[in-house]
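The values are calculated or read from the model by the stated rules, or taken from the named source; none is laboratory data. Remember, predicted model here, so these are calculated numbers, not experimental data. Positions of Cβ are generated from backbone atoms using ideal geometry, with glycine treated the same way; all protein chains shown enter the neighbour counts. Only protein heavy atoms, including side chains, enter the accessible area calculation; ligands, DNA and RNA are left aside. Shrake-Rupley method; radii C 1.70, N 1.55, O 1.52, S 1.80 Å.
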Amino acid sequence: MSAQVTPSQSVPVLRNSAVRVTNGVNQGDPIMTADELLHDDIYGLVEDDSQHRLAITFDAARDGFTVAKDTEIGTPGADLAIDCAITLMSTDSSTCEILVLVEVENNEIAEIYLVPLAQLQPNLDYTLVGIDETAGAKRMSELACVSFTRGTMITMASGAQKPIEELHIGDRVLTRDDGAQEIRWIGQSTMRAVGSFAPICIKSGTLNNAGDLIVSPDHRLFIYQRDDALGAGRSEVLVKARLLVNGTTVIQQDGGFVDYFQLLFDSHQIIYAEGIAAESFLIDPHTRPALPEKLDEALDRVLPTHSESAHREFEVTEKLLSEDAAETLRRASTR
């Protein structure tokens, strides 16, 4: 990997003090690391603590995750470890999985953050029924994957439009930079579409897209501005879908479940979905655990250098975006 630091991933977190044991051996204690947790302790959301965005990056020089500079919570540059995934069961028999992240300073725990994969409800009891110290990295990688949803129309090398769920390994897809490219791997997962993890719907026409484009929150869209309306210093920009939410033409679809699909090529590509440009799956330390354990030998050869073409120089930050960035970008791309 040529870059020492990968692009940051942003995840919504709670402070661990927001969820405490209300009945059990660890009465009054917040969720801690796996070695301190006990099955059958009953937890509750005891603090009105809103979620915060924790920005995470992988520092190759330190061979580990750190808190990124653009974070809302935590100490930028501090080491960050994925401790475990726990499962809580509520009194109505529904389950909620939570990832436990640990910020480390001087080899000591500085902070513990929780990534709830389903919304926790106040005034509801949750029993700790599962502690998994091996699943955390995989679950985090699934959150980091850029994904399209079922029904998304992908532009093939022939110019034909094809639903993503009908694609196969070896199919040739049109890319912006490298013409026709073969799909090397297709990932598929079903996740709860809740809270900050719910998919983003960019309604038809918002960015000159032919149909509704529904993608994972951190999926980056590639937009060519005829003039630099954002002040990014370049005409070509990549913008995360969640940063375009305006409540009208770009919304977050909260509720139920969502089928996510990932398309992997020999290198990171810009492809066309619903007629507009969006990125393909990028392999880096965030997303590598999401891949199957046994990979085709030809695919495995490209993985070490896959992130070298991450188009990271095109990404714009939230501070450059206006209140309705989607409309600004639509106008800038059609003038």
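Here the range 59-75 is the region considered, the condition is being touching a residue at least 12 places away in the same chain (Cβ under 8 Å), assigned to a loop (DSSP other than H, G, I, E, B) and more than 16 Å from the chain's Cα centre (by Cα), and the residue that is surrounded by the most Cβ atoms within 10 Å (Cβ to Cβ) is GLY74. Specify the residue that is modelled with the lowest pLDDT; the eligible residues are those in the range 30-49 that are open to solvent by less than 70 Å² (accessible area, probe 1.4 Å), within 18 Å of LEU120 (Cα to Cα) and out of contact with any Gly (no Cβ under 7 Å at 6 or more places or on another chain). Within the range 30-49, the match that is modelled with the lowest pLDDT is ASP49. Here the condition is being within 18 Å of the chain's Cα centre (by Cα) and either open to solvent by 30 Å² or more (accessible area, probe 1.4 Å) or at pLDDT 70 or above (or both); of GLU279, GLU274, it holds for GLU279 alone. Checking each residue in the range 101-123 for being touching a Gly at 6+ places or on another chain (Cβ under 7 Å) and open to solvent by less than 50 Å² (accessible area, probe 1.4 Å) picks out only GLU103. When GLY195, GLY205 are checked against the criterion of being at pLDDT below 90, over 17 Å from PHE281 (Cα atoms) and open to solvent by 10 Å² or more (accessible area, probe 1.4 Å), a single residue qualifies: GLY195. Residues in the range 35-58 that are farther than 19 Å from THR75 by Cα and part of a strand (DSSP E or B): ILE42, TYR43, GLY44, LEU45.
Counting the residues of the range 66-99 that are aliphatic (A, V, I, L, M) and either touching a helix residue (DSSP H, G or I) at 6+ places or on another chain (Cβ under 7 Å) or closer than 14 Å to MET140 by Cα (or both) gives 7. Scan the range 170-180 for residues that are modelled with pLDDT of 95 or more, surrounded by 13 or more Cβ atoms within 10 Å (Cβ to Cβ) and either in a loop (DSSP other than H, G, I, E, B) or not hydroxyl-bearing (Ser, Thr, Tyr) (or both) and the total you get is 4.
If you go through the range 8-25 and keep only what is modelled with pLDDT of 90 or more and either surrounded by fewer than 17 Cβ atoms within 10 Å (Cβ to Cβ) or closer than 29 Å to ARG242 by Cα (or both), you end up with VAL13, LEU14, ARG15, ASN16, SER17, ALA18, VAL19, THR22, ASN23, GLY24, VAL25. Checking each residue in the range 153-169 for being open to solvent by 40 Å² or more (accessible area, probe 1.4 Å) and more than 23 Å from the chain's Cα centre (by Cα) picks out ALA157, SER158, GLY159, ALA160, GLN161, LYS162, GLU166, HIS168, ILE169.
Conditions: (1) free of Cβ contacts under 8 Å to residues at least 24 places away in the same chain; (2) buried (at least 16 other Cβ atoms within 10 Å of the Cβ). CYS145 meets all but one. Number of the miss? Every listed condition holds for CYS145 apart from (1).
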